[in-house]
Each structure stands twice: as C-alpha cells, then as structure tokens.
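Notes to accompany the following structure.
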Amino acid sequence: MDGNGRWARKQGKARHKGHREGVKAVRATVEVAAERGIGYLTLFAFSSENWRRPEEEVSSLMSLFVEALRREVAELHRNNVRLRFVGALEQLNDGLRKKIAESERMTAGNTGLNLNIAVAYGGRWDIVKAVRSLASKSAAGELHSSDIDEEVFASELQLAGIPDPDLLIRTGGEQRISNFLLWGLAYAELWFTDVLWPEFDKAEFDKALADYVSKQRRYGHTGDQVEATKC
Ligand code: FPP
C-alpha cells in the first residue's frame with residue numbers, strides 16, 4: 001500500500017494525513033475483495049524496515065492502526081471477515097497487541113474473506129524465523145534434515161496453511177517486492193500501478209484482476225499442456 005506520503009504532499013498535507021486517507025482505500029479494497037469472492041487478501045501495512053521512519057510517523061501509524069481496528073472490526077465481523085495479523089507482533093505496543101488479539105478472537109469463526117494484515121513484517125525475517133524453528137526441532141531430535149521439504153518449510157512460515165498469493169498488487173509506482181512474502185510470491189502474478197494508495201479504488205482493483213485472469217499460469221509446463229488439462 002505505497003504512496004500515502006506522496007499523496008499527502010500533493011495535497012499540501014502532512015504525511016499522517018496520507019496514511020489516514022489510506023484507511024479509506026483499505027476499506028474500499030476489502031469491500032471489493034469480499035464482493036468478488038476473493039478468498040484471501042493480505043495487506044502490507046508496516047514492514048520490519050518501517051521502524052526506521054521518524055518516531056513521530058511510526059507512533060502516528062500505530063495509533064491509526066488501533067483507531068482503525070476500534071472503528072472497523074465490528075463491521076468486518078458483521079460481514080463474516082476473518083482477521084489475522086502476521087509479523088513480529090511482540091514489537092508492537094501493548095494497546096495495539098490487545099486490539100489485535102481481540103479482533104482475531106472476535107472474527108476467528110468467520111468463514112468469508114480471510115483478511116491478513118502484515119505489521120512489523122519482513123519476508124526475510126519470516127524465513128529466518130522458520131529456519132530457526134526447524135533447527136530447534138532438529139536439535140531436539142523431532143525432525144531429521146531429510147524430512148525438510150517445501151511443504152514442511154512452508155508450514156513454519158507466518159502464513160502457514162494459507163494458499164500462496166496468486167496476485168501481488170503494488171501501488172505508488174515502484175516495481176519491487178520490498179521484502180514482502182518472499183517465499184509465497186514465487187509464482188504470483190505481479191501488478192504494478194502508478195496510482196497512489198489513497199487513490200486505489202474499485203476500478204483500479206478490477207483492472208488488476210482483469211489482467212490477472214488474462215494470464216496463462218504454466219508453473220513450468222508448456223502452454224499446450226496447460227490448455228490440454230482444461231479440456
Ligand atoms: C507506505 O506509503 C504506507 C505505509 C507505510 C503505511 C500503510 C498504512 C495504511 C494504508 C494505513 C491503514 C492500514 C490498515 C491496515 C488499517 P509511504 O508512506 O511509503 O508513501 P510514500 O512512498 O509516498 O512516502
């Protein structure tokens with residue numbers, strides 16, 4: 001969700017106003033995802049590297065997350081959305097951690113859109129954490145190195161049990177992954193748009209989805225093989 005700061009600058013406003021406007025785009029995006037029957041939506045709200053931002057911006061973002069949860073969770077729950085947070089949540093303040101735990105608990109039984117929010121998340125952090133867990137299991141004699149395959153490895157990641165993303169959307173004009181879901185994105189289709197996150201709307205989301213459905217996903221097969229399995 002990139003481009004909040006630039007959106008604010010364009011309007012002659014402070015950066016935090018851009019993040020605040022970004023919450024509206026989050027709401028619209030969640031609505032479209034639910035309407036379109038998308039099973040899983042994962043939003044990158046705050047990266048491991050975002051801690052390097054000025055203290056004032058970091059603390060206003062943390063307050064905004066608490067406020068957004070306070071305002072939106074009941075509505076998400078009414079709409080059968082299941083909320084999950086991933087990332088180094090122990091790094092967050094007590095107030096935010098409490099709201100996160102409450103909202104996860106409240107929505108745990110919901111069966112509609114699965115909304116994952118990555119906070120204090122980094123793809124490399126996720127991978128290193130998984131390796132550490134496997135190494136501990138191995139040292140404890142619970143696992144042999146030859147038992148480790150892609151499935152076992154993925155079961156240690158933050159989004160274990162959740163299908164790999166089919167589509168990555170990045171707003172704000174940059175064409176990079178910026179340490180998002182490094183493992184899971186292996187076969188994702190990529191959609192980059194110059195639209196700044198606060199201006200990301202239903203029409204732009206639909207453009208990304210239309211591009212996605214036009215792609216032939218081969219996973220190493222030939223195009224003919226893929227066509228043959230459709231018959
Ligand atoms: C990146 O834009 C955006 C962020 C670091 C914060 C994203 C947060 C929100 C959209 C707020 C709401 C989120 C939830 C889940 C309620 P940037 O600040 O790097 O923009 P710039 O590149 O234009 O400076």
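Selection of the range 38-63 for residues being under 15 Å from the mean Cα position of the chain (by Cα) and among the aromatic types (Phe, Trp, Tyr) yields Tyr40, Phe44, Phe46. Of all residues in the range 1-20, those that are touching an Asp or Glu at 6+ places or on another chain (Cβ under 8 Å) and more than 7 Å from the ligand (Cβ to nearest atom) total 2.
Only residues that are exposed (fewer than 10 other Cβ atoms within 10 Å of the Cβ) and farther than 21 Å from Ala186 by Cβ were counted in the range 126-159, giving 6. Under the condition of being exposed (fewer than 14 other Cβ atoms within 10 Å of the Cβ) and of a type in the set (D, E, K, R), the residues counted in the range 28-48 number 2. May I ask you to verify whether Leu157 is over 12 Å from the mean Cα position of the chain (by Cα) and either β-branched (Val, Ile, Thr) or assigned to a helix (DSSP H, G or I) (or both)? Considered against the rule, which asks whether it is over 12 Å from the mean Cα position of the chain (by Cα) and either β-branched (Val, Ile, Thr) or assigned to a helix (DSSP H, G or I) (or both), Leu157 comes out as no.
Taking the residues in the range 160-180 that are part of a loop (DSSP other than H, G, I, E, B) and more than 16 Å from the ligand (Cβ to nearest atom) as candidates, determine which candidate is surrounded by the most Cβ atoms within 10 Å (Cβ to Cβ). The qualifying residue surrounded by the most Cβ atoms within 10 Å (Cβ to Cβ) is Pro165.
The number of residues in the range 184-223 that are surrounded by 13 or more Cβ atoms within 10 Å (Cβ to Cβ), small (Gly, Ala, Ser) and part of a helix (DSSP H, G or I) comes to 2. Number of residues in the range 67-90 that are within 10 Å of the ligand (Cβ to nearest atom), buried (at least 17 other Cβ atoms within 10 Å of the Cβ) and outside any strand (DSSP E or B) equals 3. Quick check on the range 21-32. Is at least one of its residues closer than 24 Å to Gln158 by Cβ, in contact with a Gly (Cβ under 7 Å, 6 or more places away or on another chain) and more than 7 Å from the ligand (Cβ to nearest atom)? No: the range 21-32 contains no residue that is closer than 24 Å to Gln158 by Cβ, in contact with a Gly (Cβ under 7 Å, 6 or more places away or on another chain) and more than 7 Å from the ligand (Cβ to nearest atom).
Looking only at the range 122-154, which residues are small (Gly, Ala, Ser) and assigned to a loop (DSSP other than H, G, I, E, B)?
As a first pass, look at the range 122-154 and keep what is small (Gly, Ala, Ser): 122-123, 130, 133, 135-136, 138-141, 145-146, 154.
Listed by number, the residues that qualify are Gly122, Ala140, Gly141.
When Asn110 is tested against (1) outside any loop (DSSP other than H, G, I, E, B); (2) crowded, with 16+ Cβ neighbours inside 10 Å; (3) without any contact (Cβ under 8 Å) to a residue 60 or more places away in the chain, just one condition goes unmet, and that condition is (1).
Among the residues of the range 33-58, those that are of a type outside the set (Asp, Glu), assigned to a helix (DSSP H, G or I) and either within 13 Å of the ligand (Cβ to nearest atom) or touching a strand residue (DSSP E or B) at 6+ places or on another chain (Cβ under 6 Å) (or both) comprise Ala33, Ser48, Asn50, Trp51, Arg52, Val58.
Taken together, the criteria exclude Glu35 from residues that are of a type in the set (Asp, Glu) and within 17 Å of the chain's Cα centre (by Cα).
Throughout, read-outs are computed from the coordinates displayed, never taken from laboratory work. Owing to the predicted nature of the structure, the values given are computational and were not obtained by experimental measurement. Because the Cβ atoms are built from the backbone with ideal geometry, glycine has one as well, and the counts that use them run over all protein chains shown.
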